[in-house]
Amino acid sequence: MTTPPRLVVKELYRTPEAGPEDRLEFEEGVNVIVGPPNTGKTKWLQMLDYVLGNDGVPEDVFGEDVAEKYETITARLVVAGEELEVQRRWKEVGAKGKVFVNGEPSALKDFLHDLLARLSIPVLHYPQGNPLGQRTWPELGWRSLYRHMYRRQSMWSDIADKQPESEQHASILQFVGLAEKLFSDEYGKLIEKQKKIIELQASKDQYMAILTDVSKQLLTAEELGVGLSPQSVEAARQRTQAEVSALNERREQLLATLTQTVASQQAEPSNASAGIDDLAERLARLQYRQDELLSAQKRTTARLSEMTAYRTSIQEELGRLERAQKAGIVLADLKVTHCPACDRPIQAPPQHNESCHVCQRPFGTSKPGLSRLDRIEFELEQLKATLAEADEMVTTLTSEADRLAAEQSSERSQIAMLRNMLRPIRSAAAAVLPPEIGVIDMQIGQHQERLAQIDRVSNSLSYRDVLSGQIDTIQAEAGRLEAEVAAQSEAMDFERASDQLADGMNAYLNSIHQKAPTSWTQKEVRARLDEKRFRFLVGDRRWNSQLGGTLSLYFLISYHYSLMSLADKEGCHFPGFVALDFQAELEDGPSVADRENFVLEPFIELLATEKYLGCQVIAAGAAFENLEGAHRIEFKKIWK
C-alpha cells in the first residue's frame, strides 16, 4: 500500500534585525520543547502557525515584542517526500501577504492550495447550516484543517480553536475521507438546482398573486372563482363580447328608427341628400388640395433660400475680382528700375531694347502683363452670366412662392365657406340624434378596452407556463444529480468512520489508563458521525458537559491521537502532524507538568511503528523529564 503524504517540520529558524539566527531542529516522531514559563515555547509554535498560512497580523499572532525583534520566520518542511523552504517576511515592503517557497514569492491562498495539493487533500466547499440557505458555501481549506492539528495553549475547551460546529464537522469528514463524497461537485450542483427551483416556485406564486389581484378589476366573482385560470379569463372574454354585441344591436335599432323618422319628415330627401354629399365632397377635395399647396410652398421656400444664398456668394466673388482687376491695371505699368539686392539703378544696354533686360526674353507684340488682365476679364464675364441666371431663378421662385401663397389663401376662404354651409346641417343632425346613442358608443368603447385588458391578462397568464417549463427542466436535471449523489452516498460508510474515530480515542485512553489507572475514570468514548453533524459521547452524555479540566485534557489529546491513527488509513486525509501547546495549569487545579510524560507515551509508541514512519508530534510543556523515545529541545532563558 502506498504511504499517504506526510507533513514533517525539519527545522524552524527566525532572523532578527541584528544578531545571529535562532534555530530549532526537529525529528520525525515525537518532539518536546521544554522549559519554565516565559522561555518562548509558545512563541515558536505561534510562529510555526504563521509560516503555515496564518493570515493574521504578526503583532497579533505572536506578539508585538517578537514581531519587532525579528524580520522573518522560515520553516524547512518535508511535504509528501519533497523538501521545501517556506518563509514569511513581515517587514519587507509588499511581502507581508506573501509566502516565499524556495525563495519564490507566492500569494498566501495559492500557497495553501498548493500545500493541500501536495498532501492529496481536495479543496472543497461545505454548507453552513441549511444547505438550501442563502449563504454561499465557504471553502474548506488548509487553515480549517490545521486548527485540528495545532492545539493552542489557551484553547483546551473545544474540539477545534474558535471554529463553528459546521466547520468542525466538515473538517472531521475531510480527515476520515468522506467530505469529498458528501460535498461533491454533483451535490453542490444539486443544491444549486434545488435553490433555483425554490426561487422559481416563489416567483411563480408571487407573480400569480399579483396577476390575480389585478384581474379582480376585470373578472366577476363567479368567473374568478377560487383563483385565476385560463377558463376564468375565457369566461370573462365571452361575457364582455356578448355585452358589446348587445350594445351594437341596440345602437343599430336606434339608428334604424331615426332613419325612418327623418325619411317620413323630409319632402325632398333625394335633393337635400345630394346637396349635402356634394358639399362634403368639395370640402374634402379642398382640404386635400390645401395639404398639397402647403407641401409645395415649403419646398419652394427652401429652394428660394438656397438660391438667395448662392446669389449672395456670387456677388461677393464678383466684387473681389473687380477689385483685383483695378489693382492689375494700376500695377501693370510698373517697371524694375532698381536692383532688389543693392538698390542701385538698373540701366538697360542699347542692344537689348526689344527684350527684357532682367530675364532677357523678347517682349513680343503685346505689353507685359496683358494676358493676366485678359484672364481676369474672362472670369468677370463668367461670373456676371452666372449672377444673371441666379437673379432670374430667384425671381422665378419668388413669383412661385407668391402664387402658392395666394392660392392657399383662396382655398382657405372656400373651405371656411363650405364649413359655414355645412354647420347648420350638422347641428340639425346632432339635435335629431338621441342622447342614448352617445351613451352606447361610450359603453362600447369601455367594453372594447376591457377586452384588450383581458387579452393582456391572458398573455400574462401564459408566462406562468414559461416558469413551469423552467421548473420542469431544472427538476429533471436535479433528478439526474440526485441519482448520482445517491450512488455516492451508498459508498459513504459513516458508521465505519465513527468507529475509527472512537477506536482511536479509546485506544489512547486505554493506554494512559494502563500507565496511570486513576487518570481516566469515565466510560468509553463513542463517536456519532453523519451527513449533518457529529457528536462525541462519554457514555451517553456529551463530552463537554461530562468532563472537568483534567479529563477534558485527556479527552482532547485522545482526539488528536485518533486523528494521527488515521494517517495510515487508505482514503483518509490526515497528514500525520500534530502540535500541542500544553497549559501550565488546568481548570481544576493540578499542574500539567505532573501529567506530561504518560500523556505523550502513547504517541511515542504509535509513531515508532512502521506504518507511522514520517509522522510527527511537536509538544511544548514544562518538563517531560525522562521521557524516552522523544527528541528533546530545552529552553532555560526566561524572557522578561
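The values are calculated or read from the model by the stated rules, or taken from the named source; none is laboratory data. Everything quoted here is computed from the prediction, not taken from an experiment. Heads up, the Cβs are rebuilt from the backbone with ideal geometry, glycines too, and the neighbour counts pull from every protein chain shown.
Scanning the stretch 2-59 for residues that are of a type in the set (S, T, N, Q) and over 41 Å from the mean Cα position of the chain (by Cα) yields T2, T3, T15, N31, N38, T39, T42.
A quick yes/no check of all residues on (1) part of a helix (DSSP H, G or I); (2) modelled with pLDDT of 85 or more; (3) within 27 Å of A327 (Cβ to Cβ):
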{"position": "C359", "(1), (2), (3)": "no, no, yes"}
{"position": "T365", "(1), (2), (3)": "no, no, yes"}
{"position": "P368", "(1), (2), (3)": "no, no, yes"}
{"position": "S371", "(1), (2), (3)": "yes, no, yes"}
{"position": "R375", "(1), (2), (3)": "yes, no, yes"}
{"position": "L380", "(1), (2), (3)": "yes, no, yes"}
{"position": "A385", "(1), (2), (3)": "yes, yes, yes"}
{"position": "E392", "(1), (2), (3)": "yes, yes, no"}
{"position": "T395", "(1), (2), (3)": "yes, yes, no"}
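Do the conditions hold for E59, that is, is it assigned by TED's automatic domain parsing to the domain that holds T609, surrounded by fewer than 16 Cβ atoms within 10 Å (Cβ to Cβ) and not polar (S, T, N, Q)? Yes; evaluated as a whole, the condition is true for this residue. Scanning the stretch 180-193 for any residue that is at pLDDT 75 or above, of a type in the set (G, A, S) and within 30 Å of S144 (Cα to Cα) turns up nothing. Residues that are of a type in the set (G, A, S) and surrounded by 15 or more Cβ atoms within 10 Å (Cβ to Cβ) within the stretch 491-515 comprise A497, S498, A502, G504, A507, S511, listed in sequence order. Annotation: of all residues in the stretch 372-383 being loosely packed, with under 14 Cβ neighbours inside 10 Å and in contact with a helix residue (DSSP H, G or I) (Cβ under 9 Å, 6 or more places away or on another chain), the one that is farthest from I314 (Cα to Cα) is R372. Inspection of the stretch 26-36 finds no residue satisfying the criterion of being without any contact (Cβ under 8 Å) to a residue 24 or more places away in the chain, in the same structural domain as V578 (by TED's automatic domain parsing), under 29 Å from N626 (Cβ atoms) and surrounded by 19 or more Cβ atoms within 10 Å (Cβ to Cβ).
The residue of the stretch 448-469 that is farthest from N248 (Cα to Cα), among those that are aliphatic (A, V, I, L, M) and surrounded by 13 or more Cβ atoms within 10 Å (Cβ to Cβ), is L467. If we keep just the residues of the stretch 599-640 that are of a type in the set (K, R) and modelled with pLDDT of 90 or more, which is surrounded by the fewest Cβ atoms within 10 Å (Cβ to Cβ)? Per the criteria, the residue is R632.
Would you mind finding the one in A497, A486 that is at pLDDT 90 or above, part of a helix (DSSP H, G or I) and more than 30 Å from M208 (Cα to Cα)? Only one candidate qualifies: A497. The residues in the stretch 12-24 that are in contact with an Asp or Glu (Cβ under 6 Å, 6 or more places away or on another chain) and either modelled with pLDDT of 95 or more or of a type outside the set (D, E, K, R) (or both) can be counted, and the count is 2. Here Q583 clears all of (1) part of a helix (DSSP H, G or I); (2) within 17 Å of D161 (Cβ to Cβ) except the condition numbered (1). Among the conditions (1) without any contact (Cβ under 8 Å) to a residue 40 or more places away in the chain; (2) farther than 19 Å from L119 by Cβ; (3) of a type in the set (G, A, S); (4) buried (at least 17 other Cβ atoms within 10 Å of the Cβ), the only one that S171 does not satisfy is (2).
Just one residue in the set F555, F577 is surrounded by 15 or more Cβ atoms within 10 Å (Cβ to Cβ), assigned by TED's automatic domain parsing to the domain that holds R147 and in contact (Cβ under 8 Å) with a residue 60 or more places away in the chain; that residue is F577.
Could you check, for the stretch 79-87, whether at least one of its residues is in the same structural domain as L547 (by TED's automatic domain parsing), in contact (Cβ under 8 Å) with a residue 12 or more places away in the chain, at positive phi and among the aliphatic types (A, V, I, L, M)? Looking for residues that are in the same structural domain as L547 (by TED's automatic domain parsing), in contact (Cβ under 8 Å) with a residue 12 or more places away in the chain, at positive phi and among the aliphatic types (A, V, I, L, M), one finds at least one in the stretch 79-87, hence yes.
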